[in-house]
Amino acid sequence: MKRILILLYTLVATVLVAVAQPRFTSNTEMHSFGQIEWKHPVTVQYIITNTGDRPLVLTDVEPDCACTVAQWTKTPIAPGAKGEVNVTFDAKALGHFQKSVAIFCNAQPHLVYLKFHGEVVQEITDFTKTHPYLIGQIRIDRNSIDFPDVQHGEQPVMHIGVVNLSDRPYEPVLMHLPPYLQAKAEPQVLQKGEKGIITLTLNSEKLSDLGQTQASIYLSRFSGDKVGEENEIPVTAILLPDFSGMTEAEKANAPAISLSATALDLSAVLEKKQKARQDITITNTGRSPLQISKLQVLHPAVGVNLKKSILQPGETTRLRVTVTKKNIGKKHRHLRLLMITNDPMQPKVEIEIR
């Protein structure tokens, strides 16, 4: 009898582990740099999504050679949330290269390899890989700017690589900068075929509120250019509450948010109907009151109804999500909700909708 109980306990534990676990998903397993210039370091950013139902922890990141340096999200990545692995390659040796980075995490499998390749050359002749986005006769290496997890007082930096393919000298200027952004171009003037960098610095103290702040900036294509959809670059910044001063005892007694789903697939319903809705159950599994201080709808096609924003330990509430088909459109980015909470392990909760 005892042996049977042990076997049953082992079986149940195995099933629970299989059902409830983090899951590592990267936006790509192999990144192509194309041609890169000798002695000009380049960086690839892998976006890591936790597609499981327990927090994902990236415990270590080890490149396969000293020519690469890695930085990564060291805080737990909540279910449905995203983290980053940024790998910089020094480009000191001419010729073709292929490198890999070992990612150690608490998901299954515990070890995942991400790779990148390209060619180091004396002079770049093909910018389609390194700067894939074309605005007029200017190529850039990114068409959106995201500052995903910002604490009050921080000043994170992002870069936009620029190439001048026109026949005239070009001055890279960003128009309609919001007050919390500063931009600096180096060099200030690019000759034909020359590359440059625009450095964007975010002053988090000038963000007005927690959660996501959205804006659009515009890259001038020539002197006297005007703003429009063709030269628009969306900018998002997410300001999170600061839990750095919490003690271990306070963390042990903190609230903990749990959702019945962190991703919704309403596509089948919307194929047949003009409107679809689904409910998500939110539970406070922690030891103190849970407060949802911010609930942001990041797309005009999405509507929400939250019954309660403060939950006592063990209490649940309903979040109803409604999507209207006619408002989805093509211009807007993907459907998403954002919640800001006082759970120190999950201050940001994102719900993806498709």
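The values are calculated or read from the model by the stated rules, or taken from the named source; none is laboratory data. These figures come from a predicted structure and were not determined experimentally. Positions of Cβ are backbone-derived with ideal geometry, glycine not excepted, and every protein chain shown enters the neighbour counts.
For every residue, the table says whether it meets (1) surrounded by 12 or more Cβ atoms within 10 Å (Cβ to Cβ); (2) in contact with a helix residue (DSSP H, G or I) (Cβ under 6 Å, 6 or more places away or on another chain); (3) not in a strand (DSSP E or B); (4) not aliphatic (A, V, I, L, M).
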| site | (1), (2), (3), (4) |
| --- | --- |
| 234 | yes, no, no, yes |
| 238 | yes, no, no, no |
| 249 | no, no, yes, no |
| 268 | no, no, yes, no |
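Identify, by number, the condition in (1) surrounded by 19 or more Cβ atoms within 10 Å (Cβ to Cβ); (2) touching a Lys or Arg at 6+ places or on another chain (Cβ under 9 Å); (3) in a strand (DSSP E or B) that residue 103 doesn't meet.
Of the numbered conditions (1) surrounded by 19 or more Cβ atoms within 10 Å (Cβ to Cβ); (2) touching a Lys or Arg at 6+ places or on another chain (Cβ under 9 Å); (3) in a strand (DSSP E or B), the odd one out for residue 103 is (2).
Has the stretch 288-305 got at least one residue that is in contact with a strand residue (DSSP E or B) (Cβ under 8 Å, 6 or more places away or on another chain), among the polar types (S, T, N, Q) and part of a loop (DSSP other than H, G, I, E, B)?
Step one: of the stretch 288-305, the residues in contact with a strand residue (DSSP E or B) (Cβ under 8 Å, 6 or more places away or on another chain) are 289-299, 301-305.
Among the residues that remain, those that are also among the polar types (S, T, N, Q) are: 291, 293, 296, 305.
Keeping just the survivors that are part of a loop (DSSP other than H, G, I, E, B) gives none.
No, that holds for no residue.
If residue 172 passes every condition in (1) in contact with a Gly (Cβ under 7 Å, 6 or more places away or on another chain); (2) in the same structural domain as residue 61 (by TED's automatic domain parsing) but one, which one does it miss?
(2)
Does residue 116 qualify as being outside the structural domain of residue 51 (by TED's automatic domain parsing), among the aromatic types (Phe, Trp, Tyr) and touching a residue at least 60 places away in the same chain (Cβ under 8 Å)?
Numbers: outside the structural domain of residue 51 (by TED's automatic domain parsing): no; among the aromatic types (Phe, Trp, Tyr): yes; touching a residue at least 60 places away in the same chain (Cβ under 8 Å): yes.
The answer is no for residue 116.
Is the stretch 111-118 home to any residue that is among the hydrophobic types (A, V, I, L, M, F, W, C), buried (at least 19 other Cβ atoms within 10 Å of the Cβ) and part of a loop (DSSP other than H, G, I, E, B)?
No.
I'd like to verify a number: residues in the stretch 23-73 that are within 26 Å of residue 351 (Cα to Cα), of a type in the set (A, V, I, L, M) and in a loop (DSSP other than H, G, I, E, B), how many? Walk me through it before giving the result.
Narrowing the stretch 23-73 to residues within 26 Å of residue 351 (Cα to Cα): 23-29, 44-59, 71-73.
Applying the additional criterion that residues be of a type in the set (A, V, I, L, M) yields 44, 47-48, 56-58.
After this cut, where a residue has to be in a loop (DSSP other than H, G, I, E, B) as well, the list is 57.
Number satisfying all stated conditions: 1.
Checking the structure you have, find out if any residue of the stretch 322-333 is at pLDDT 90 or above, outside the structural domain of residue 210 (by TED's automatic domain parsing), closer than 18 Å to residue 81 by Cβ and not hydrophobic (A, V, I, L, M, F, W, C).
Within the stretch 322-333 (the criterion being at pLDDT 90 or above, outside the structural domain of residue 210 (by TED's automatic domain parsing), closer than 18 Å to residue 81 by Cβ and not hydrophobic (A, V, I, L, M, F, W, C)), the answer is no, since none of the residues qualifies.
Test of understanding: among 281, 262, which residue is under 25 Å from residue 237 (Cβ atoms) and either surrounded by fewer than 14 Cβ atoms within 10 Å (Cβ to Cβ) or touching a residue at least 24 places away in the same chain (Cβ under 8 Å) (or both)?
Values: 281 fails: under 25 Å from residue 237 (Cβ atoms).
Residue meeting the stated conditions: 262.
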